[in-house]
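Worksheet: the structure to be examined is printed underneath.
Read-outs throughout are calculated quantities, based only on the coordinates presented, and are distinct from any laboratory measurement. Note that the structure is predicted; figures quoted are calculated from it, not measured. Cβ placement follows ideal geometry from the backbone for every residue including glycine, while neighbour counts extend to all protein chains displayed.
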Amino acid sequence: MSSRHLDKKTYVLLASMVFFGSFGNVLLSKGMKQIGEILDPSPMALVSVFVKTFTNGFIWLGISSLLVFFVSYLLLLSWADFSYVQPASAIGYALVAVLGYFMLGESISLTRWAGVLTICAGVALVGRTEPRTTGD
């Protein structure tokens, strides 16, 4: 397999992994915010929360998105180095911050944005390396 083809496949799956992982987690958060804080640990209350959780559309969309993330992750790990995949996928932290701001209405401090930019710089460094260092 050519290096160029490997790079294209790698970037497509990495983008899929980052998007669906971030989007899935934000959807789960949105669904759980609709359900509300769980204050009563009694068995009957937990059953009620369980039913609300698994009948919430955002929860199911989040689970579906995370399933796409997981399949993308498995495929990516089948041909790219773990030491490349995991750090490169950290760009998802930036996407989560943006989605949290727009979809969940979260306020994000300058300090948190500085941390996100630091992560992005690290991802840029990792992205400049070869995704695979071993030959099979």
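Compared with the alpha-carbon gap, the fully stretched path from LEU46 to LYS8 is longer by 9.1 nm at 0.36 nm per residue. Within the straight-line cut-off of under 20 Å between alpha carbons, the aspartates and glutamates reachable from LYS9 are ASP81, GLU130, ASP136, sequence neighbours fewer than 8 places apart in one chain being disregarded. Ratio of Rg to Rh for the chain: 1.08 [Cα atoms; Kirkwood radius as inverse mean 1/r over pairs]. For trypsin sites (Lys or Arg not before Pro), the sites in segment 88-134 that DSSP calls loop and that have at most 12 other Cβ atoms within 10 Å are ARG128. Compared with the alpha-carbon gap, the fully stretched path from ASP81 to CYS120 is longer by 12.1 nm at 0.36 nm per residue. The gain in end-to-end length when the PHE70 to LEU104 segment is fully stretched comes to 9.9 nm, 0.36 nm per residue minus the alpha carbon separation. When only the Cβ of Lys, Arg, Asp and Glu is charged (+1, +1, -1, -1), the dipole of segment 1-108 relative to its Cα centre reaches about 300 debye. Once you reduce segment 1-68 and segment 71-136 to the center of their Cα atoms, the two points are 17 Å from each other. Largest GNM mean-square fluctuation among VAL51, VAL26, VAL116, using the chain with Cα springs under 10 Å: VAL51. Towards the positive end of the charge dipole of the chain, with charges on Cβ (+1 Lys, Arg; -1 Asp, Glu), say which of SER16, VAL51, ILE63 has the farthest Cα. Value: SER16.
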